[in-house]
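Worksheet: one structure, shown below.
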Amino acid sequence: MKRIFYLLLFLPLAAFAQQTITVSVSNPSKSVRSDEPVVINLAPYGEIRSALVTVNGQEIPCQLDDLNQDELFDELCFLVNLQGKEKKQYTVTLYTEGEPRTYPARVFAEMVLGNSKDKSLKKNQQNNYIESITARGDAAYTYNIQHHHGVDFESELNGIRIYFDERQTLDCYGKFKKQLELKETQFYTDKDQKAKGYGDDVLWVGQTFGLGAFRGWNGKEPTHVSPVKSRTQRVISYGPLRTIVEVIDKGWQPPTPNSQHPSPNTHHPSPINMTLRYTQYAGHRDTDVDVFFNRPVADYAFSTGIINVKNSVEFSDKKGLRACWGTDWPSTDTINFKRETVGLGICIPMKYVRSEEPANKDNYAFVVGTADDRLQYKVIYCSDNESFGYHSAKEWFDFLAEWKKEVEKPIEVKY
């Protein structure tokens, strides 16, 4: 009995242990790197409840995320700033007790339903906040279920909403200033807010890719993500350094490349489940897109790309980077909206690119695929309204060329 007593005595002390990790981060390029994410997998460290990150003895913001929604943190994230060729050491302390520290928000995400009960609320003051929503595949019209038609998120530089329907299109919000705005405007900027310098919707997307929507491919053209057994949108993380949202399509049977005119003997593979994860880091105008399937999908071809903005100029390096610069109305409402000039871009690792399709009236498209159960790419955009951004096709395309160099030569992390 005495031996058992001692075990019980020391177990609580072990449960409250802390672990310290030294993280070495270096910049391999000569360019300044700002707000570069460092992400640590917490699986080897047990059940972590709080964390502290310091550099040169000074605390910097960090974030704990529960990616699989099991109430346990899976990753720690913090952002670093490095001069060209600079190397820094960060001290990460992990605790098995306490609560995550709070820091000023640099990103935002929201899902909200309209509040028809309170008639006093303006269009951009809806307050039926939700965190996840699932619609059956036979739902009649999911586009209008959520107030602003789907989950939205932003950094100080951008703002995106994803339509909650078979298009799953990314729509863009253009800003004049570097600031968070979607909590106040909800993608429906009113006249007073416009007078104060708030941004607004700057892109008409229709049935196109918009900014990098992920879809099927039937051998000739993109297809919507339909039919599905169910469609879900959810917020995984609200920040303060990165927001993560997911779109989950269960029971989707995308076409195979020969299925536009199938023969009686055409093989139809079983349906797949797909999760699209969008990660938005603070200080970034680009957005990470990770696509996960429940099994290998080598037999399928998919598609993504960007809208062919009216009268746009195209750029392609023929190695996975494609962009455009153009001007069009963002809405059929030509009274309350003005023509908007935007730059769009998409960057796909070449191992996923099967072909770069010729431009048509709707899209600059890629056919993509993967030999296993996942792929990834990045999307990016700017608005000519920005006081801090790019204002010509040349400026935009030159920036994207440098941006791709950084994407292909990330910071180096050792711990």
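Select from Arg161, Arg374, Arg339 the residue whose mean-square fluctuation is largest in a Gaussian network model of the chain (Cα-Cα springs shorter than 10 Å).
Judging by the Gaussian network model, the answer is Arg339.
Net charge within 12 Å of Val353 by Cβ-Cβ distance, Lys/Arg positive one each and Asp/Glu negative one each, not counting Val353 itself? Intermediate values should be presented prior to the final figure.
Working: positive: Lys318, Lys319, Arg322, Lys351, Arg354; negative: Asp317, Glu356, Glu357.
Net local charge, Val353 excluded: +2.
Which aspartates and glutamates have a Cα lying under 19 Å from the Cα of Lys191, excluding residues fewer than 8 positions away in the same chain?
Of all the aspartates and glutamates, those that pass the test against Lys191 - Cα under 19 Å, at least 8 places apart if same chain - are Glu181, Asp200, Asp201, Asp333, Glu340, Glu386.
What does the charge count near Arg33 come to, summing +1 for each Lys or Arg and -1 for each Asp or Glu among other residues with Cβ under 9 Å from its Cβ? Mind showing how you got there, number by number?
On the way: positive: none; negative: Asp35, Glu36, Glu86, Glu406.
Net charge around Arg33: -4.
Name the long-range amide H neighbours of Glu340: under 5 Å, sequence gap of 5 or more, or other chain; modelled H, no Pro or chain starts.
Asp328, Trp329
Treat the range 51-186 as a sphere of radius equal to its Kirkwood radius over Cα pairs and apply Stokes-Einstein at 10 °C in a medium of 1.306 mPa s; give the translational diffusion coefficient in µm²/s, rounded to a whole number. If you can, show how the numbers build up before the last one.
Numbers: Rh = 18.1 Å.
Here the translational diffusion coefficient equals 88 µm²/s.
Per-residue ellipticity at 222 nm for the chain, helices alone: DSSP H runs ≥ 4 residues times -39500 (n - 2.57), over residue total, nearest 500 deg cm²/dmol?
Details: 4 runs with 39 residues, N = 415.
So the calculated ellipticity at 222 nm is -2500 deg cm²/dmol.
Considering only protein heavy atoms, with the full assembly of protein chains and a 1.4 angstrom probe, order Trp252, Trp329 by accessible area, largest first.
Numbers: Trp252 0, Trp329 70 Å².
In descending accessible area the options line up as Trp329, Trp252.
If we count every other residue with Cβ under 13 angstrom of Phe78's Cβ, Lys/Arg +1 and Asp/Glu -1, where does the sum land? List each step's numbers first, then the result.
On the way: positive: Lys88, Arg101, Arg106, Arg242; negative: Asp35, Glu36, Glu59, Asp65, Glu75.
Result for the local shell: -1.
Given charges of +1 on the Cβ of Lys and Arg and -1 on the Cβ of Asp and Glu, with all other atoms neutral, how large is the dipole of the chain about its Cα centre, in debye to the nearest 20? Don't skip to the end; give the middle numbers.
Working: 50 positive and 54 negative charges, 57 e Å.
For this selection, approximately 280 debye.
Check the straight Cα-Cα distances from Lys250 and name the lysines below 19 Å, setting aside those fewer than 8 residues away within the same chain.
Answer for Lys250, where 19 Å is the Cα cut-off: Lys229, listed by chain and number.
When ligands, DNA and RNA are left out and all protein chains stay put, how many square angstrom of accessible area per residue does the chain have with a 1.4 Å probe? Spell out each step's value before the answer.
Details: 19810 Å² over 415 residues.
It amounts to 48 Å² per residue over the chain.
At a probe radius of 1.4 Å, what is the per-residue accessible area of Leu241, in Å² to the nearest 10?
Accessible area, nearest 10 Å²: 10 Å².
Using a 1.4 angstrom probe on heavy atoms only, work out the carbon and sulfur share of the accessible area of the chain in %. Kindly include the intermediate steps, with their values, before the conclusion.
Values: 10160 of 19810 Å².
Of all accessible area on the chain, carbon and sulfur atoms account for 51 percent.
Using only the alpha-carbon atoms, what does the chain span along each of its principal axes? Please give whole angstrom values in decreasing order.
77, 59, 55
Sequence neighbours fewer than 8 away in the same chain don't count; with that in mind, list the aspartates and glutamates whose C-alpha is under 13 Å from Lys378.
Asp286, Asp288, Asp290, Glu406, Glu408
Cross-link list Lys194/Lys338; Lys351/Lys394; Lys87/Lys394: which exceed 21 angstrom alpha carbon to alpha carbon? Before the final figure, lay out the partial values.
On the way: Lys194/Lys338 12 Å; Lys351/Lys394 28 Å; Lys87/Lys394 33 Å.
Checking Cα-Cα distances, Lys351/Lys394; Lys87/Lys394 exceed 21 Å.
The values are calculated or read from the model by the stated rules, or taken from the named source; none is laboratory data. Given the structure is predicted, the values throughout are model-derived calculations rather than measurements. Methodologically, a virtual Cβ is constructed for each residue, glycine included, from the backbone with ideal geometry; neighbour enumeration extends over all protein chains shown. Heads up: the accessible areas ignore ligands, DNA and RNA and are worked out on the full protein's heavy atoms, side chains in. Shrake-Rupley method; radii C 1.70, N 1.55, O 1.52, S 1.80 Å.
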